[in-house]
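The values are calculated or read from the model by the stated rules, or taken from the named source; none is laboratory data. None of these values were measured; they are calculated from a predicted model. Cβ placement follows ideal geometry from the backbone for every residue including glycine, while neighbour counts extend to all protein chains displayed.
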Amino acid sequence: MQLGTSSIYHGLQTKLERRFSSGFSVLAAYTFGKAIDDNGVAWSRPQDPRDRRANRGLADFDTRHRLVVSALYELPIGPGKALLGNSKGVVKKLAEGWRVAAIGVHSTGFAFTPSLTFDVANVGLGNYTPRPNRIGNGTLSSQSVARWWDPTAFSAPAQNSFGNAGRNFLMGPGQNNWDFSLLKDTAIGERFAVEFRAECFNVLNITNFGTPNTQALTPLFGQIFSASPPRIVQFGLKVRF
């Protein structure tokens, strides 16, 4: 953030954690917050440096709702457990140390500013990011990758003038993701241990859309051309000594 700018943040943070005697534990953390500033990242420029209040809006990193849930369960298999509790030798080594874990992240999207591709104010594109005039709400009740925002809500300002559209009032797609892991720790003597991991990212194969195009008055405005990776599975083996 540049020198002379201001920002404010208000938030409510809650956390719930519970550990059960059966080897199951769960942690849930929720944040409800709002961050406002008048400039954003260090390399951005206000549309009109003489009127910073016109640049005041949601921060680029503002996330209104964010919920993170994680769980860990030690499987009841192996020495002292309900299953194969009296196992020995190779069977004991194969049965002990199994755990499953999951983590889910659910959050609302980030805020974006509609922009223009031409220097309507005639002050040089390197000095500011031009904005259109806002003549409608800009948001849609039914969103799709081909039309995430309403392109008819914006028009070109008069030549040699700044657009009246505010900063960061368009909301991008939210995120919804679950990762799952299967882990096993095996002690080999007193000095060595082997850790096996099977991890599945985006286990539910949910499509999380990327950033919509923010260039107003172009055919691409509001369209989405990217998404998060699909389900990915990987395996790992680590030796500790």
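May I ask you to list pairs of residues, at least six apart or on different chains, whose Cβ atoms are under 9 Å apart, with the first in the stretch 199-227 being in contact (Cβ under 8 Å) with a residue 24 or more places away in the chain and aromatic (Phe, Trp, Tyr) and the second being outside any loop (DSSP other than H, G, I, E, B) and surrounded by fewer than 12 Cβ atoms within 10 Å (Cβ to Cβ)?
Pairs found: Phe201/Val233; Phe201/Gln234.
Which of (1) more than 20 Å from Phe162 (Cβ to Cβ); (2) among the acidic types (Asp, Glu); (3) in contact with a helix residue (DSSP H, G or I) (Cβ under 7 Å, 6 or more places away or on another chain) is the odd one out, the single condition Asp119 does not satisfy?
Exception for Asp119: condition (1).
Regarding Gly33, is this residue at pLDDT 95 or above, exposed (fewer than 13 other Cβ atoms within 10 Å of the Cβ) and under 24 Å from the mean Cα position of the chain (by Cα)?
Against the criterion (at pLDDT 95 or above, exposed (fewer than 13 other Cβ atoms within 10 Å of the Cβ) and under 24 Å from the mean Cα position of the chain (by Cα)), Gly33 does not qualify.
With at pLDDT 95 or above and crowded, with 17+ Cβ neighbours inside 10 Å as the only criterion, which of Ala153, Ala158, Ala146 stands out?
Answer to the check: Ala153.
What residue, among those in the stretch 100-132 that are more than 28 Å from the chain's Cα centre (by Cα) and in contact (Cβ under 8 Å) with a residue 12 or more places away in the chain, is surrounded by the most Cβ atoms within 10 Å (Cβ to Cβ)?
Ala121
Could you tell me which residue of the stretch 58-108 is farthest from Gln175 (Cα to Cα), considering only residues that are of a type in the set (Phe, Trp, Tyr) and assigned to a strand (DSSP E or B)?
Trp98
From the residues in the stretch 185-241 that are in contact with a helix residue (DSSP H, G or I) (Cβ under 9 Å, 6 or more places away or on another chain) and part of a loop (DSSP other than H, G, I, E, B), which one is farthest from Trp98 (Cα to Cα)?
Leu217
Tell me, which residue of the stretch 170-195 that is of a type in the set (A, V, I, L, M, F, W, C) and at pLDDT 95 or above is surrounded by the fewest Cβ atoms within 10 Å (Cβ to Cβ)?
Result: Leu182.
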